[in-house]
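Have a look at the structure below, then the notes.
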Amino acid sequence: MRELTDRALDTAASLGATYADVRIVRRLEESIAVKSGRVEGVASGETEGLGVRVLVDGAWGFASSDQLTTAEADRIAGQAVRIARASATALRNRVQLDDRAPALGRYETPVLEDPFSIPLERKIGDLLAADTAAGSVKGVAFTESSYGAQREWKTFADSAGSFIEQVITHVGAGVETNAIEGNEHQRRSYPDAGGGWRAAGYEFIRGLELSGHAGPYAEEAVALLSAPQCPPGRRTIVLDPSQLYLQIHESCGHPTELDRVFGTEASYAGTSFLTTDKLEEGFRYGSDLVDIVADATTPGGMGTFGWDDEGVAAQAVPLVKNGIFVGYLSSRETAPRIGRLSGGAMRADGWNRIPLIRMTNINLLPKPGMSLDEIVADTDDGLYLSSNRSWSIDDRRLNFQFATEVAYEIKGGKKGRLLKNPTYTGITYDFWRSCDAVGDERSYVMLGTPNCGKGEPGQTGHVGHAVSGARFRDVQVGVGKW
Amino acid sequence: MVTERDPADRLALADQVLRLAERAGATEAEVMVTAGDSALTRFANSEIHQNVAETGTSLNLRFAIGKRIGVASSGRRDADGLRRLVETAAAIAGSVEELGDWSGLPTADAGHSGGQRAEARAAGTADATPEFRAEGARAVIAEADAKGVVAYGSFATTEETIVVANSRGIRSVEVRTNSQLLTVSMSPDGGTGYAEAVATDATTIDPAAIGREAADKARATDRATGLDPGDYPVVLEPYAVVDIMDMLGYVGFSALAVQEGRSFYERGKRIGSDLVTVVDDATDPAGLPMAFDYEGVAKRPITLVDAGACVDVVYDSQTAARDGVRSTGHGLPAPNPYGPFPLNMVMAPGSASREELIGGLARGLLVTRFHYTNVIHPKLAIITGMTRDGTFLVEDGQIVAPVRNLRFTQSYLDALAGVEAVGRERRTLRGFLGAVVVPSVRIASWTFTGATEH
């Protein structure tokens, strides 16, 4: 790899690049899809290539190819320089990177059972058993179960002398049960919608005990068909981890991306209400209980790595402390603009994409005091919402609306009857300021999503969220006409 | 350019993999080769900030042993890479159970045999340079500068060769190009505007016109005021209508959705007013034409809605076999648990001018586009999302003021039923996966359920 990275960096420099980095990425993926007891698709994918990013005259250029030859490294470096010169024709502010020492080292996701070494028959068998357990419940219309694994071998080198090698492994699986009657379509997912995902090996999949949980979730999907509609009103809600993680993702993770704040995603996903003046003024993002950190070192999180894709070491960056907004997800280009160093959040979706500021593991820290069950017991009248079904938030990350698969009524500190089609909506900072309980370590769990979209051309990110569940007061639920 | 752009080379590569698959014991095999050069110049704060290019080829192999199917993909074309691709797909096929209703790969008579469709490829896109895209970006920025607003956006050009070859005789080959220029303008006084153009030929896109449209819209939305949520009649511009097409295609117009009982679709069921006719037509040169789907099956125009009534849904080979019909040419790459998808939805134009559409609102809203929409209830097609980049209060047929963005929670089926006028002008825009051709529409009632601060 050294030969290729050196060649690309040398060529870029000889053509006028003042900074260059090169990434060589090989990605191996495997997926299994089971639907209603039959294996619908098993696929394996492999891709590799190199991407060269350069600064010329203060402007960025990037080119990539799937041909790992020195001749192609020359061509790609030359193309990147040409592209950068074209960028310079519409440049108003020269790019300045933060100052840091070259990074050297190696990182590998700790894996106990290599998911790519487990026999395919066993993985299929595990998934089929879970899917069959769900499908055997009377009243189920169809089931969908999935398994996925991804491993990336990443080499990073830059013109300052950095050279990093990383091997990152992620796995996930889940079972989804659908019940349909007339116009009603209800769904329950275990462990959560989209499956449970971790930076880990197959030991994580075994630990999910899919087949043991699938049946009860399927029964709930069928029961929802005859459950009452979740009525509209202002209610106390308790979000369990399977919903709370996405609430954090959408209403804290994305708005703290500093590139969004500076407008560089404005034409696609939007900007952010968390403008830099709010950092200076100590904006109250949430209640005193809200501590949120972007931690790329959390074990098992899909946002965990050794270095980001700019060669910045993994670190924990506080975003919200005691409810006060204190930090951003940042890069070497954006951090200096607020007088800081990069927080190490630049991540690229493969060899053919540039790194963008992405979430790492955006964690809502647990609070000593009450477990999630004890929060329910402490709630006289409310709703317990579980597992995401739908999400939407405005282009500055203020007005959100979520639907969950299920709501349980809480009366007198006990979870009671099911309610179907629950939705809730609010304004981000009002919502987080209404948080009056956060679960303790006993329900703290690492979740995440392998489907975080951002950028043009589109990139899909794997991000983590460790959460324990939380309670919010006076929230609007039951939105729209049904 | 070192890419082997010659489609014949790509077809030869597919044939080579097919031979390897057959030697490895495949009773049937299908190879899809996609080879492309794509580039995107992105601008923000009225300067180019990201500028990227990609050259790559990928192979997707569907390998059948009787009714047992394995799929593998790879970017490698060297001998060892091809061998591993075949071995992986064969190993998967050897490990899975039979698909009881596997009907086999599509046969040669279903494939595309008409050669390269002239409308699918344009040299102006294939030969686009970084300088060409930068010039487009500068033209948009100049229009923004002239109006005192700031430009954000992207200009993308792609050339892609698609080859699908299978052991039952399909040899479908096409070179396609597409280009998209979009921009959001943001005013210092709070206004935002949007404009977009999609074309096979990038040189037919007028960046200055796109920049002007967005900049004017941004200025028109300066100092927007709040409006109480509620039910309002609306005029939706094409940028918003495209979302209705996309979502209904996603939740309902797929044969798999019908077979699984999760679609609203029933043949003959009325879901729209008489003014609503929608066809999926990949032959329409107004869109981004494509001759065949990702199984190599020739695409056929399919009427989804005719004068408000459901007519048909789209099929791939597997869903077609289950219903005893022919594939309509709407398959996606294997493995595909999502089923077929209408990639080229075209809504029939009406007779109304923009002024007539807005003029028909006694008190309602003009909506430029939607943002971050998502399905709440698939069978009722209830969708939530936000308005964005230009929302206006209309009274007595006249735009009277910009309003801050609103959240809606709305059945798109009810919306189609409430269409009371359709514009005569249409736009070609990017959809979920393909291109959509849509007019503006006026809808009797739209349910807004929340508001935001901008």
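So, restricting to helices (runs of 4 or more DSSP H) that lie completely within segment A:176-281, which ones have at least 1 residues that are crowded, with 24+ Cβ neighbours inside 10 Å? Result: A:202-208, A:210-225, A:241-248, A:258-261. The set of residues in segment A:30-43 that are crowded, with 23+ Cβ neighbours inside 10 Å and within 7 Å of another protein chain (Cβ to nearest Cβ) comprises A:V39, A:V42, A:A43. Entry remark, segment A:403-420: residues being basic (K, R), within 24 Å of A:E184 (Cα to Cα) and away from every other protein chain (no Cβ under 14 Å) number 2 in total.
Filter segment A:324-342 down to the residues that are surrounded by 21 or more Cβ atoms within 10 Å (Cβ to Cβ), under 15 Å from A:E280 (Cα atoms) and over 21 Å from the mean Cα position of the chain (by Cα) and list them by number. Spell out how you get there, then give the answer.
Keep residues of segment A:324-342 that are surrounded by 21 or more Cβ atoms within 10 Å (Cβ to Cβ), which gives A:325, A:328-335, A:342.
With under 15 Å from A:E280 (Cα atoms) added as a condition, the list becomes A:325, A:328, A:335.
Within segment A:324-342, just A:A335 meets the criteria.
The residues of segment A:425-444 that are closer than 27 Å to A:G480 by Cα and either buried (at least 22 other Cβ atoms within 10 Å of the Cβ) or of a type in the set (F, W, Y) (or both), listed by number, are A:T425, A:G426, A:T428, A:Y429, A:F431, A:W432.
Condition check ((1) touching a His at 6+ places or on another chain (Cβ under 9 Å); (2) β-branched (V, I, T); (3) farther than 30 Å from B:D312 by Cβ; (4) assigned by TED's automatic domain parsing to the domain that holds B:V438) across all residues:
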residue: B:L182; (1), (2), (3), (4): no, no, yes, no
residue: B:S187; (1), (2), (3), (4): no, no, yes, no
residue: B:G191; (1), (2), (3), (4): no, no, yes, no
residue: B:D201; (1), (2), (3), (4): no, no, yes, no
residue: B:A209; (1), (2), (3), (4): no, no, yes, no
residue: B:Y232; (1), (2), (3), (4): no, no, yes, yes
residue: B:V242; (1), (2), (3), (4): no, yes, no, yes
residue: B:M247; (1), (2), (3), (4): no, no, no, yes
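Among the residues of segment B:36-79, which ones are hydrophobic (A, V, I, L, M, F, W, C) and closer than 30 Å to A:T89 by Cβ? Don't jump to the end; show me each part of the working.
Taking segment B:36-79 and keeping what is hydrophobic (A, V, I, L, M, F, W, C), we get B:39-40, B:43-44, B:48, B:52-53, B:59, B:61, B:63-65, B:69, B:71-72, B:79.
If the condition is that a residue be hydrophobic (A, V, I, L, M, F, W, C) and closer than 30 Å to A:T89 by Cβ, then B:A39, B:L40, B:F43, B:A44, B:I48, B:V52, B:A53 are the ones that fit.
Candidates are the residues of segment A:70-92 that are among the polar types (S, T, N, Q) and in contact (Cβ under 8 Å) with a residue 12 or more places away in the chain; the one that is nearest to the other protein chains (Cβ to nearest Cβ) is A:S87. Taking the criterion of being surrounded by 15 or more Cβ atoms within 10 Å (Cβ to Cβ) and part of a helix (DSSP H, G or I), the residues of segment A:1-20 that qualify are A:L4, A:T5, A:D6, A:R7, A:A8, A:L9, A:D10, A:T11, A:A12, A:A13.
Pairs linking a residue in segment A:34-48 that is farther than 20 Å from B:W102 by Cα and assigned by TED's automatic domain parsing to the domain that holds A:A129 to a residue that is among the charged types (D, E, K, R) and part of a strand (DSSP E or B), with Cβ atoms under 6 Å and 6 or more positions apart or on different chains, are A:S44/A:E30; A:G45/A:E29; A:T47/A:R27; A:E48/A:R26. Remark: pairs (first residue in segment A:197-223, closer than 26 Å to A:A141 by Cβ; second residue at pLDDT below 95 and not in a helix (DSSP H, G or I); Cβ separation under 7 Å; 6+ apart in sequence or on different chains) = A:W197/A:G448.
Give the residues of segment B:18-56 that are β-branched (V, I, T), part of a strand (DSSP E or B) and within 28 Å of B:A89 (Cα to Cα), sorted by residue number. Walk me through how you get there before you give the answer.
Taking segment B:18-56 as the starting set, the residues that turn out to be β-branched (V, I, T) are B:27, B:31, B:33-34, B:41, B:48, B:52, B:55.
Subset that is part of a strand (DSSP E or B): B:31, B:33-34, B:41, B:48, B:52, B:55.
Hits for segment B:18-56 are B:V31, B:V33, B:T34, B:T55.
Only a single item in (1) crowded, with 23+ Cβ neighbours inside 10 Å; (2) assigned to a strand (DSSP E or B) is not met by A:P450, and it is number (1).
Those strands (runs of 3 or more DSSP E) of segment A:290-402 in which 1 or more residues are in contact with a His (Cβ under 7 Å, 6 or more places away or on another chain), more than 14 Å from chain B (Cβ to nearest Cβ) and over 22 Å from A:H249 (Cα atoms) are absent. Within segment A:58-98, can you find the residues that are among the acidic types (D, E) and assigned to a helix (DSSP H, G or I)? Scanning segment A:58-98 gives A:E72, A:D74. Listed conditions (1) more than 10 Å from chain A (Cβ to nearest Cβ); (2) surrounded by 15 or more Cβ atoms within 10 Å (Cβ to Cβ); (3) touching a Phe, Trp or Tyr at 6+ places or on another chain (Cβ under 9 Å) are all met by B:R117, apart from (3). When A:P110, A:P115 are checked against the criterion of being at pLDDT 95 or above and within 29 Å of A:S162 (Cα to Cα), a single residue qualifies: A:P110. Being farther than 30 Å from A:P457 by Cβ and within 13 Å of chain A (Cβ to nearest Cβ), is that true of even one residue in segment B:10-22? No, segment B:10-22 contains no residue that is farther than 30 Å from A:P457 by Cβ and within 13 Å of chain A (Cβ to nearest Cβ). Note on segment B:200-249: among residues that are among the hydroxyl-bearing types (S, T, Y) and part of a helix (DSSP H, G or I), the one that is nearest to B:H454 (Cα to Cα) is B:Y239.
Filtering segment B:363-389 to residues that are more than 7 Å from chain A (Cβ to nearest Cβ) and either in contact with a Gly (Cβ under 9 Å, 6 or more places away or on another chain) or buried (at least 24 other Cβ atoms within 10 Å of the Cβ) (or both) leaves B:L366, B:V367, B:T368, B:R369, B:F370, B:A381, B:I383, B:T387, B:D389.
The values are calculated or read from the model by the stated rules, or taken from the named source; none is laboratory data. What you see is a predicted model, and the numbers here were worked out from it, not measured in a lab. Note that we place each Cβ from the backbone using ideal geometry, even for glycine, and neighbour counts take in every protein chain shown.
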